[in-house]
1. When the solvent-accessible surface of protein heavy atoms is calculated with a 1.4 angstrom probe, in what order do 17, 82 fall, highest first?
2. Taking the Cα centre as origin and putting +1 on Lys and Arg beta-carbons and -1 on Asp and Glu beta-carbons, what dipole magnitude results for the chain, to the nearest 20 debye?
3. What figure in square angstrom, to the nearest 10, would you give for the accessible area of residue 79 with a 1.4 Å probe?
4. For a quick check, take a GNM of the chain with Cα springs below 10 Å and name the residue from 36, 63, 16 with the largest mean-square fluctuation.
5. HN-Hα J couplings of segment 3-12 from phi, Karplus 6.51/-1.76/1.60, θ = phi - 60°, integer Hz, Gly and Pro as x?
6. Rank 40, 60, 32 by accessible area, highest first, at a 1.4 Å probe radius?
7. Counting only other residues whose beta carbon sits under 15 Å from that of residue 5, what net charge do I get with K and R as +1, D and E as -1?
8. Roughly how many nanometres apart are two label points built 7 Å out from the Cα toward the Cβ at residue 45 and residue 75?
Amino acid sequence: MLYTYSVSIYQSDLEAFLSLLTKEDDVLLIQDGVLAVLEDNSLLKYCLQQQISVYALIDDVLARGLKDQVSHHIKLIHYSDFVDLTVKHPQQIHWGA
């Protein structure tokens, strides 16, 4: 399953979100969800422990001035890569406001 995460990790029920994830899932950070690209946050730590891939839309990262602060564990992608993820994961859940 592909989970798109569009809210700040500080303004959502992160524990509920993490409880849904499995090793077969991918997480895509979009909009304010890209705040989770920073090192040492709960979402990133959990995904690393569970070997869940985490992606972030580069346009949203750049729009928030975070390019130089992105964890090396995050894969920055473009919209065309987002399309590829949706093909890989026919089932998707959006986690946002």
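The values are calculated or read from the model by the stated rules, or taken from the named source; none is laboratory data. Here the structure is a predicted model, which is why all the values come from computation and not from measurement. Glycine gets a Cβ as well: all are built from the backbone with ideal geometry, and neighbour counts include every protein chain shown. All accessible areas refer to the heavy atoms of the entire protein, side chains included, with ligands and DNA or RNA removed. Shrake-Rupley method; radii C 1.70, N 1.55, O 1.52, S 1.80 Å.
1. The ranking, largest first, comes out as 82, 17.
2. Rounded to the nearest 20 debye, it is 100 debye.
3. 120 Å²
4. 16
5. Working through the residues one at a time gives 9, 9, 10, 10, 10, 4, 5, 8, 10, 9 Hz.
6. Of 40, 60, 32, the descending order of accessible area is 40, 32, 60.
7. -3
8. About 2.4 nm separates the two model spin labels.
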